[in-house]
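Take a look at the structure below.
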Amino acid sequence: MRDTGGTEFTVPQVVAQARTSLRAFYENFANKDDLLLAVFAEAILETTDGLRDATASVRSPQDRLDHYVRQLFSGTFDAAHPETVPMIALHLRLATEQPAALAEAFAPQLDLLTSILADGAATNVFRRDTPPDVLAMLVSQLLVSVIHSEALTRELAVPAASVKDIVQFCLSAVLAGRRVSSRKVNLSQRARAGR
């Protein structure tokens with residue numbers, strides 16, 4: 001991916017770069033897509049290890065979430081990671097072609113975020129009206145969307161959110177006392193729909 005700027009390389013190119021054989025490749029992977037999924041899953045594990053290290057020594061749930069978000073963004077767009085855009089393209093492809101495998105690959109990262117939010121809920125710092133795993137999924141989807149948008153719209157005149165903005169938005173969404181009545185939401189939705 002770093003050499004080609006994408007995923008349009010061939011299995012023989014991979015075999016040559018790895019100094020192995022086609023037979024060895026096919027003993028480990030069914031095809032190129034299987035390899036790409038394994039690469040994506042490994043990247044998520046490495047990212048999760050970095051996130052875990054960044055949050056391990058922090059006690060406050062707010063600070064743990066802050067460190068989580070900052071660490072997630074710090075390694076994504078630096079010059080040492082030219083594969084970011086191809087990985088995002090791969091992520092989008094996996095989301096449509098192999099959603100179950102993608103969910104499995106993201107599970108360790110989502111588990112870490114869920115534990116941060118659950119710790120905050122247990123100490124009444126983070127909201128308790130929404131289960132931590134649901135909050136984690138919502139926050140994770142927001143962060144992934146921002147990363148995608150940042151990577152894919154760099155050349156456009158789109159205002160970029162700073163990491164500080166993103167941290168503040170995530171915190172405001174999960175802090176205790178931030179409740180919206182489902183009745184109010186339903187009434188608003190009906191009003192917008194003209195009912």
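A short reminder: the numbers here are calculations on the coordinates, not readings from a lab. All values reported here derive from a predicted model rather than from experimental measurement. Cβ atoms come from the backbone with ideal geometry, glycine included; neighbour counts cover every protein chain shown.
Arrange R59, R64 by Cβ neighbour counts within 10 Å, fewest through most, would you?
Neighbour counts put them in this order, fewest first: R59, R64.
Suppose each label sits 7 Å from its Cα in the direction of the beta carbon; what would the L175-V163 distance come out to in nanometres?
The two pseudo-label positions are separated by 2.1 nm.
Between S57 and A100, take the C-beta separation as r, use R0 = 41 Å, and let me know the FRET efficiency to the nearest 0.05.
FRET efficiency, S57 to A100: 0.75.
For the pair V134/S115, report the inter-label distance in nm, with labels modelled 7 Å from Cα in the Cβ direction.
If labels sit at V134 and S115, their model points lie 2.4 nm apart.
Would you mind counting up the charge near S57? Only other residues with Cβ under 13 Å from its Cβ, with Lys and Arg at +1 and Asp and Glu at -1.
Charge balance in the 13 Å sphere: +1.
Would you pull out the residues with amide H under 5 Å of F126's amide H, same chain only if 5 or more places away, H placed 1.01 Å from N?
Here A121, A176 satisfy the definition.
For the range 1-103, restrict the atom set to alpha-carbon positions and state the Rg and Dmax in Å.
Taking only Cα atoms of the range 1-103, I get Rg and Dmax of 16.4, 51 Å.
Separation between the Q17 and K32 pseudo-spin-labels, each 7 Å from Cα along Cα→Cβ, expressed in nm?
Going by the 7 Å Cα→Cβ label model, 1.1 nm.
Residue-wise, which Karplus ³J(HN,Hα) couplings in Hz belong to the range 55-60, taking 6.51 cos²θ - 1.76 cosθ + 1.60, θ = phi - 60°, and x for glycine or proline?
Those phi angles translate into 9, 4, 8, 9, 8, 5 Hz.
Chymotrypsin sites (Phe, Trp or Tyr not before Pro) within the range 63-143: which are DSSP loop residues with at most 16 other Cβ atoms inside 10 Å?
Here the chymotrypsin sites (Phe, Trp or Tyr not before Pro) that fit, given the DSSP loop and packing criteria, are F77.
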